[in-house]
1. Is there a residue being within 19 Å of P68 (Cα to Cα), of a type in the set (F, W, Y), out of contact with any Leu (no Cβ under 6 Å at 6 or more places or on another chain) and in a helix (DSSP H, G or I) anywhere in region 164-176?
2. Across region 35-49, what is the total count of residues that are in a helix (DSSP H, G or I) and out of contact with any helix residue (DSSP H, G or I) (no Cβ under 6 Å at 6 or more places or on another chain)?
3. In region 65-107, which residues are of a type in the set (F, W, Y), under 22 Å from A155 (Cβ atoms) and in a helix (DSSP H, G or I)?
4. Take the residues in region 51-64 that are in a helix (DSSP H, G or I) and open to solvent by 30 Å² or more (accessible area, probe 1.4 Å), then tell me which one is farthest from L34 (Cα to Cα).
5. So which residues in region 87-121 are closer than 30 Å to V73 by Cα, of a type in the set (G, A, S) and open to solvent by 20 Å² or more (accessible area, probe 1.4 Å)?
6. Do you know which of the residues in region 122-148 that are part of a helix (DSSP H, G or I) and open to solvent by 80 Å² or more (accessible area, probe 1.4 Å) is nearest to N100 (Cα to Cα)?
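The values are calculated or read from the model by the stated rules, or taken from the named source; none is laboratory data. Model, not experiment: these values are computed from the prediction. Don't worry about glycine lacking a Cβ; one is built from the backbone with ideal geometry, like all the others, and counts go over all protein chains shown. Areas reflect the complete protein model, heavy atoms only, side chains present, ligands, DNA and RNA absent. Shrake-Rupley method; radii C 1.70, N 1.55, O 1.52, S 1.80 Å.
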Amino acid sequence: MKDEKDITELVPEPPRALPPAVPVWLWPAVMLVLTAVAFAGAHWQPSHSRLWLFLPYSFAGNSLAPLPYDPAVVYLGPLYPVWLIVLVGTVGTVIIEYWNMELLARLLSREGTRGFRGHRITGWALYWYRKAPFWTLVSTCILPIIPHYPMRFLAVLDNYPMWKYQGSVILGRGLRYALLAQLGIALRVPPVILFSLGLLFLGIMIFKMRQMNRAPIEATVPVVPIVPVPAPETS
């Protein structure tokens with residue numbers, strides 16, 4: 001009698017992230033120290049307090065549970081040199097992105113996320129992302145109309161090199177911060193309007209995320225049909 005082949009060998013394994021090698025507490029500790037330094041700097045340099053506080057705000061604005069930071073950059077534009085705003089914002093963004101990507105890598109390396117990793121929409125998005133990963137990441141970092149949030153998932157699932165990912169963040173977010181700061185210089189938008197816009201953006205994001213959580217997710221790992229083999233005729 002021939003050995004029956006295990007059909008699970010014919011089912012392709014969905015893409016899987018590689019878990020990070022650094023301790024889980026490393027980047028939270030770095031952000032905690034820098035936040036303390038920022039608050040101390042804001043206390044000792046009141047004239048630059050808003051710029052100091054922009055560093056921890058950029059942590060929150062670029063986290064996996066983001067706060068709208070675009071109005072804050074527009075607000076800072078007329079107050080400080082553009083290059084300084086870009087520098088502080090980019091440093092904060094790079095640091096929080098290390099933590100974002102590590103959290104997602106730990107999550108997407110688990111067996112419990114197999115349904116998401118094998119979903120047809122995930123596969124479709126990953127297919128197109130791989131056409132031009134670096135410039136896709138740069139474009140979503142620059143343009144506010146294209147969300148960058150899903151790109152993090154795709155970069156992690158593709159095990160995209162961290163140095164390339166951070167290079168796209170530096171280029172994309174740096175240009176975005178520069179444009180927003182220049183917009184603030186040109187328009188001189190009153191702070192109350194910027195604050196209201198920030199609340200509006202936050203409300204829209206919460207609404208959209210709740211909609212996504214309510215949407216059903218169907219795992220579509222390909223299933224190999226089992227064809228019955230007829231029993232041999234006996235004479």
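1. Of all residues in region 164-176, those within 19 Å of P68 (Cα to Cα) come to 169-170, 172-176.
With of a type in the set (F, W, Y) added as a condition, the list becomes none.
No, that holds for no residue.
2. Quick first cut of region 35-49, residues in a helix (DSSP H, G or I) only: 35-44, 46-49.
From what's left, out of contact with any helix residue (DSSP H, G or I) (no Cβ under 6 Å at 6 or more places or on another chain): 36-37, 39-40, 43-44, 46-48.
The number of residues fulfilling the criteria is 9.
3. Across region 65-107, the qualifying residues are Y98, W99.
4. Filtering region 51-64 for residues in a helix (DSSP H, G or I) gives 51-61.
Filter once more, keeping what is open to solvent by 30 Å² or more (accessible area, probe 1.4 Å): 52-53, 57, 60.
Numbers: W52: 10, L53: 10, Y57: 11, A60: 13 Å.
Selected residue: A60.
5. So in region 87-121, the residues closer than 30 Å to V73 by Cα come out as 87-105.
Add one more test, that the residue is of a type in the set (G, A, S), and what stays is 89, 92, 105.
Once the filter is applied, which keeps residues that are closer than 30 Å to V73 by Cα, of a type in the set (G, A, S) and open to solvent by 20 Å² or more (accessible area, probe 1.4 Å), region 87-121 yields nothing.
6. Here is the first cut: in region 122-148, the ones part of a helix (DSSP H, G or I) are 122-129, 133-142.
Remaining after also requiring open to solvent by 80 Å² or more (accessible area, probe 1.4 Å): 124, 127-128, 135.
Details: W124: 23, Y127: 22, W128: 22, W135: 20 Å.
In this case the residue turns out to be W135.
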